[in-house]
Amino acid sequence: MESINYKNITADPANLPVFAEKKITVEVLRLDNIHPFISGNKWFKLRHYLDSAREENKNHIITFGGAWSNHLLATAAACQLHQFQSSGIVRGEKPATPSPTLIQVQKMGMQIFFTDRPQYHEKIVPQEVDQTNAYIIPEGGYGINGAAGAKEILDHCEKEKYTHILCAVGTGTMIAGLVNTAMPHQTITGVSVLKGNHELEANIRALLLTDRSNFSLVHDYHFGGYAKYNDTLINFMNDWYRQTGIPSDFVYTAKLFYAVVHLSGLNYFPAGSRVLLIHSGGLQGNASLSKGTLIF
Ligand SMILES: *Cc1c(COP(=O)(O)O)cnc(C)c1O
């Protein structure tokens, strides 16, 4: 398993006519390029959990995710890289044909266990999983350790030059880390990919180091809910790729990029704004779309 390549993190320009018209610059921080499996924000969120597990002399990582989970895949790969045994608790009944993600995690040594949705919801570890010497990482890496890692994301760019930083938001761990490290003149905006996630703000605040309020959340770009999409989103992903050369995934980053284009049309960013978008990875999930849907 190859190690993490921080050198691959670049801030790539996204030069769309609407951005020029509104006199703003937009760059995309390419965390998607750090590793083929441990992509995007997931490595940052995992690293301190793995350190804690090591400090506690635990050699087995247990975590949770769906059949296409970027978090499960990243955890499986990180565990292989750092010599931990790994178990993945997967939401739902065992499917007739496992997703490519689940095939891949097993290739990397993760043992997987399916749980029905009510049990999954309670984050119950099935009895058959041996929990001796085990360390549990919460679903999506949500928690203080996850946010502490996400705080390091902006160390990989010229952070002070941006006026606005935006990211896609699932559990809120990444944005909490960004808010914790942002400078007073910067606005952090999170684009929620879940429909009507009313606990989100409280979940983020629970991870903040100080009582900061220089962040906001937008809830209007979920396209029907988590992992939902339509032709508008797919066409947007192809257009965005044609214009910027930057691929996106339909669960997270496409909704972020779509939101940014839409918000700039609404003059959300004052002229002169320097906007940074976090490309949090997750491209592997596009394999669930039928072939030919995307041009990349
Ligand atoms: C997991 C994930 C997110 C969400 O991160 P949170 O810290 O859970 O908010 C965003 N983008 C991608 C590509 C992800 O895989």
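Odds and ends about this structure:
- For Val26, the residues whose amide H sits under 5 Å from its own are Ala14, Val275, ignoring neighbours fewer than 5 places away on the same chain, with H placed 1.01 Å from N.
- Relative compactness, the range 113-220, computed as alpha-carbon Rg over 2.2 N^0.38 Å: 1.24
- Short to long, the 10 Å bins of the Cα pair-distance histogram for the range 1-62 hold 19, 32, 25, 14, 8, 2 percent of all pairs.
- Stokes-Einstein D in µm²/s, Kirkwood radius over Cα pairs - the chain at 20 °C with 1.002 mPa s viscosity: 110
- Rg/Rh for the range 172-296 (Cα atoms only, Rh after Kirkwood) is 0.97.
- If you wrap the range 238-287 in the convex hull of its Cα atoms and look at it from every side, the mean projected area works out to 3.8 nm².
- Members of Lys23/Lys161; Lys22/Lys161; Lys45/Lys255; Lys7/Lys151; Lys123/Lys291 lying beyond 25 Å, as alpha-carbon distances in this model show: Lys123/Lys291
- Surface composition of the chain: carbon plus sulfur atoms hold 49% of the accessible area, using a 1.4 angstrom probe and ignoring ligands, DNA and RNA.
- From the largest down, the range 15-111 spans 53, 39, 19 angstrom on the principal axes of its Cα atoms.
- The range 53-107: mean projected area of Cα convex hull, nm²: 3.7
- Averaged per residue, the chain has 44 square angstrom of accessible surface, using a 1.4 angstrom probe with ligands and nucleic acids left out.
- Karplus-derived 3J(HN,Hα) values for the range 177-189, using 6.51 cos²θ - 1.76 cosθ + 1.60 with θ = phi - 60°, are x, 5, 5, 5, 10, 5, 8, x, 7, 9, 9, 9, 10 Hz; glycine and proline are entered as x.
- A run of the chain free of exposed loop cleavage sites, with GluC sites (Glu not before Pro) counted only in DSSP states other than H, G, I, E and B and at most 12 other beta carbons within 10 Å, reaches its longest extent at 200-296.
- Considering the range 105-172 at the alpha-carbon level, its Rg and Dmax are found to be 17.2, 51 Å.
The values are calculated or read from the model by the stated rules, or taken from the named source; none is laboratory data. On a predicted model such as this, the values are computed, not experimentally measured, just so you know. Using ideal geometry, Cβ is built from the backbone for each residue, glycine included, and neighbour counts are taken over all protein chains shown. SASA here: full protein model, heavy atoms, side chains in, ligands and nucleic acids out. Shrake-Rupley method; radii C 1.70, N 1.55, O 1.52, S 1.80 Å.
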